[in-house]
Amino acid sequence: MPGSLPPKGKTPMSFELFNTTRRDIPVDRLGLAVRKVLEEEGCRAGGIEAVYCGDRMIHRINREYLGHDCPTDTITFSYGSGKEIEGVFYISLDMIETNARRFATDFENELFRVTIHSVLHLAGYDDRNDDEKAVMRQKEERYLAEMENW
């Protein structure tokens with residue numbers, strides 16, 4: 001289901017969301033989360049695609065592009081640098097469900113956490129070491145808490 005969500009009072013951004021599964025997800029709230037994280041990070045979407053898929057699709061992408069023969073929760077590809085963000089992220093709804101049970105949280109909370117995590121990657125953050133992971137986790141927590149006011 002594609003959608004385009006321009007930020008209020010600003011130049012329209014290019015953002016499309018696709019759900020390749022039969023599972024219902026809160027498309028409007030996910031789009032708002034993407035927009036808010038980008039705004040807070042001082043970025044704007046030059047062209048972003050968010051693809052919510054299943055384990056089979058993300059496993060194939062992980063194997064083909066990253067050489068990892070397993071599914072994962074998210075894969076992010078950034079196509080530029082600077083404050084105008086271009087890229088695509090894939091999120092496995094199957095893995096979101098598995099991780100929600102594993103971390104004793106609900107599906108929607110895990111869905112928003114991983115979406116925020118993906119947007120942070122597009123904004124230039126990394127999680128290759130413990131310090132970088134801590135920064136990303138802190139930002140994820142902050143944005144999840146702020147969502148109540150959006």
Conditions (1) surrounded by 15 or more Cβ atoms within 10 Å (Cβ to Cβ); (2) over 18 Å from residue 21 (Cβ atoms); (3) free of Cβ contacts under 8 Å to residues at least 40 places away in the same chain; (4) aliphatic (A, V, I, L, M) -> residue 34 fails only (3)
The correct count of residues that are surrounded by 14 or more Cβ atoms within 10 Å (Cβ to Cβ), part of a loop (DSSP other than H, G, I, E, B) and among the aromatic types (Phe, Trp, Tyr) in the range 116-150 is 1
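Every residue, every condition in (1) over 15 Å from the mean Cα position of the chain (by Cα); (2) in a helix (DSSP H, G or I), yes or no:
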{"position": "76", "(1), (2)": "no, no"}
{"position": "80", "(1), (2)": "yes, no"}
{"position": "87", "(1), (2)": "no, no"}
{"position": "101", "(1), (2)": "yes, yes"}
{"position": "105", "(1), (2)": "yes, no"}
{"position": "114", "(1), (2)": "no, yes"}
Every listed condition ((1) assigned to a loop (DSSP other than H, G, I, E, B); (2) surrounded by fewer than 17 Cβ atoms within 10 Å (Cβ to Cβ); (3) not charged (D, E, K, R)) holds for residue 25 save (2)
- Message: Looking for something farther than 17 Å from residue 88 by Cα, modelled with pLDDT under 95 and among the hydroxyl-bearing types (Ser, Thr, Tyr) - is there at least one such residue anywhere in the range 7-21?
- Response: yes
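Identify, from the list 119, 114, the residue that is aliphatic (A, V, I, L, M) and closer than 14 Å to residue 41 by Cα.
On the way: 114 fails: closer than 14 Å to residue 41 by Cα.
Of 119, 114, the one residue that is aliphatic (A, V, I, L, M) and closer than 14 Å to residue 41 by Cα is 119.
Sort out which residues of the range 16-73 are small (Gly, Ala, Ser) and closer than 18 Å to residue 109 by Cβ, and write them in order of number. Quick ask: steps written out before the conclusion?
Of the range 16-73, the ones small (Gly, Ala, Ser) are 31, 33, 42, 45-47, 50, 54, 67.
Once the filter is applied, which keeps residues that are small (Gly, Ala, Ser) and closer than 18 Å to residue 109 by Cβ, the range 16-73 yields 31, 33, 50.
For the range 106-150, give me the residue count where each residue is of a type in the set (Phe, Trp, Tyr) and in contact (Cβ under 8 Å) with a residue 60 or more places away in the chain. Lay out the reasoning, then the answer.
Looking only at the range 106-150, we keep the residues that are of a type in the set (Phe, Trp, Tyr), and these are 107, 112, 125, 143, 150.
Those still in the list that are in contact (Cβ under 8 Å) with a residue 60 or more places away in the chain too: 112, 143, 150.
Total meeting the criteria: 3.
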Filtering the range 71-121 down to residues that are closer than 18 Å to residue 51 by Cβ and among the aliphatic types (A, V, I, L, M) yields 75, 85, 88, 91, 93, 95, 96, 111, 114, 116, 119, 120
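Given the residues 45, 104, which is the only one that is touching a Phe, Trp or Tyr at 6+ places or on another chain (Cβ under 7 Å) and either surrounded by fewer than 14 Cβ atoms within 10 Å (Cβ to Cβ) or modelled with pLDDT under 95 (or both)? Write out each step before concluding.
Values: 104 fails: touching a Phe, Trp or Tyr at 6+ places or on another chain (Cβ under 7 Å).
Answer to the check: 45.
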Practice problem: Please indicate, with yes or no, whether at least one residue in the range 50-57 is under 11 Å from the mean Cα position of the chain (by Cα), modelled with pLDDT of 95 or more and of a type in the set (Lys, Arg). | Solution: no
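Only one residue in 39, 64, 97 is outside any strand (DSSP E or B) and under 19 Å from residue 148 (Cβ atoms). Which one? It would help to see each step written out before you state the result.
Details: 64 fails: under 19 Å from residue 148 (Cβ atoms); 97 fails: under 19 Å from residue 148 (Cβ atoms).
From the options 39, 64, 97, the qualifying one is 39.
The values are calculated or read from the model by the stated rules, or taken from the named source; none is laboratory data. Keep in mind the model is a prediction, meaning the values are calculated, not measured. Note that we place each Cβ from the backbone using ideal geometry, even for glycine, and neighbour counts take in every protein chain shown.
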